Every structure is written in C-alpha cells, then in structure tokens.
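Colleague: The structure follows.
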Amino acid sequence: MTKLERLKAEARETATLRGHMLGRFKASVITPESGKGVERPAAVAYCDICAAFVVVDPDPPQGEPEIRGQAMDGDCHPIEGETHESA
Ligand SMILES: [Zn+2]
C-alpha cells in the first residue's frame, strides 16, 4: 500500500466516523499558495450527502496536515436536511 493509499483509507475512516459518505477519491494537484515550489499530486473526495471535501496531500509543507478538509473538521449535515427535527 502506498502512502497515498494509506492516507486515503485514513481520511475515509475519519470522515465516516463523522457521518460522511465519501465518494471515490480523484487524482488532483495542489498548487502552493506561496508560489514557491511546484504543483504536487494529491487526491480529493467529496461527501455524497453534504458535499464536504477531503484533500489528501501525501507531501505537505512542514507543519501542514497530510489530510484536511471540511469532512475532517465537521460532522455531516445534509444540505437539504429536515428542519423540523430540532424542535
Ligand atoms: Zn457529509
């Protein structure tokens, strides 16, 4: 298993614990915001329920997480959820 595959599995596990249903990971590239360095390969997946995303970055800059995204930071909330359940 490559590092990217391991990170994908880890991201999926974390997202699932938060109630998300991640779709397939797709290959992507990350362009450094600083403008320094080169684009690097990454993988992105979206939750089928709330569309939160996860980015897997196998080679992040120092101090940056390898896995990040809305699906890691928050629980799943359907976009068109039932509003009358909160009462
Ligand atoms: Zn979700």
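A short reminder: the numbers here are calculations on the coordinates, not readings from a lab. Please read all numbers here as calculations on a predicted model, not as lab measurements. Positions of Cβ are backbone-derived with ideal geometry, glycine not excepted, and every protein chain shown enters the neighbour counts.
Colleague: Do we find a residue being part of a helix (DSSP H, G or I) and exposed (fewer than 15 other Cβ atoms within 10 Å of the Cβ) anywhere in the range 25-46?
Modeller: no
Colleague: Select from the range 10-22 the residues that are surrounded by 13 or more Cβ atoms within 10 Å (Cβ to Cβ) and within 16 Å of the ligand (Cβ to nearest atom) and list them in ascending order.
Modeller: Once the filter is applied, which keeps residues that are surrounded by 13 or more Cβ atoms within 10 Å (Cβ to Cβ) and within 16 Å of the ligand (Cβ to nearest atom), the range 10-22 yields A11, R12, T14, A15, T16, R18, G19, H20, M21, L22.
Colleague: For the range 47-77, give me the residue count where each residue is crowded, with 17+ Cβ neighbours inside 10 Å, assigned to a loop (DSSP other than H, G, I, E, B) and in contact with a Gly (Cβ under 6 Å, 6 or more places away or on another chain).
Modeller: 1
Colleague: For the range 31-38, does any single residue satisfy the condition of being of a type in the set (S, T, Y), away from the ligand (no atom under 16 Å from the Cβ) and in contact with an Asp or Glu (Cβ under 9 Å, 6 or more places away or on another chain)?
Modeller: Yes, because at least one residue in the range 31-38 is of a type in the set (S, T, Y), away from the ligand (no atom under 16 Å from the Cβ) and in contact with an Asp or Glu (Cβ under 9 Å, 6 or more places away or on another chain).
Colleague: Can I ask one more? Tell me, please, whether a residue that is small (G, A, S) and part of a strand (DSSP E or B) can be found in the range 1-10.
Modeller: no
Colleague: Here are some conditions: (1) within 16 Å of the ligand (Cβ to nearest atom); (2) surrounded by 11 or more Cβ atoms within 10 Å (Cβ to Cβ). L7 meets all but one. Which one does it not meet?
Modeller: Every condition holds for L7 apart from (1).
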